Amino acid sequence: MPSAVSYPPSVGGRLSLDFANTNLTKTDLSWERLIRFLESTRIVSQERGAHLLTLPQSDPQAEALLLKARRLGSALRKVFAAMLRKQRIASEWIEPVNEILRITEGHDELVGRDSAWKIEFVAREGGLDWLLAAVARSGAELIAEGASARLRLCANPQCGLFFYDNSRTRRRRWCSMAVCGNRSKVAAFARKHALAARNAP
Ligand SMILES: [Zn+2]
């Protein structure tokens, strides 16, 4: 695999959160964006991704997968938002997750990645639905964690990204310190200085 291609690091810390984050924009998830997500999370290899990208969005298999992916993404966003607000999770939001879990048969397997062993889902071939299996599984695990899940929304109100707080102090506030954290610090600094300037004689 060429190392020149660098992928953005996972902000969400969980596959389902990263997937919900790719569904953040108002425009519907496109075929290309979905494939890029699958590549960046190593669900498919770059070779497989390139092959999938040759399928036009109007291809029936691609269209069906994209529809399921959009449904899953929007359902996960609703579920995670409800979990954050400690609200009830509607069963119609759970259905798109179960739909994927139901249709994807396979098994878990240990796979060596970056000198560590990870449990990965190996699907029985057939259709493209299996491409969403790991996302659905990750979402299901997070939902099943319930109130103890350290699910957070970035403290920048303009951001909207979800993440899993794996920090030792459990007080992580930003999706990324480099992006939102810094922006907030800069804004606070500017406010303080504007105030100081106003108060100056
Ligand atoms: Zn953010």
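Listing for the model above:
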read-out	value
Farthest toward positive dipole pole in the chain [+1 Lys/Arg, -1 Asp/Glu at C-beta], among 73, 12, 93	12
Dipole magnitude (debye, nearest 20) for the chain, charges at Cβ of Lys, Arg, Asp, Glu	1740 debye
Proportion of all alpha-carbon pairs of segment 38-179 beyond 27 Å (%)	31 percent
Order by protection proxy (mean Cβ within 10 Å, highest first), peptides 165-172, 58-65	58-65, 165-172
Between 0 and 90°, nearest 10: helix 91-103 axis offset from the chain longest Cα axis	40 degrees
Pairwise Cα inverse-distance average, inverted: Kirkwood Rh of segment 1-121 (Å)	16.0 Å
Set of aspartates and glutamates with alpha-carbon distance to residue 118 below 14 Å, sequence-local pairs under 8 removed	108, 109
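Every number in this text was worked out from the coordinates using simple rules, so none of it is lab data. Worth saying up front: this structure is predicted, and the values here are computed from it rather than measured. Positions of Cβ are generated from backbone atoms using ideal geometry, with glycine treated the same way; all protein chains shown enter the neighbour counts.
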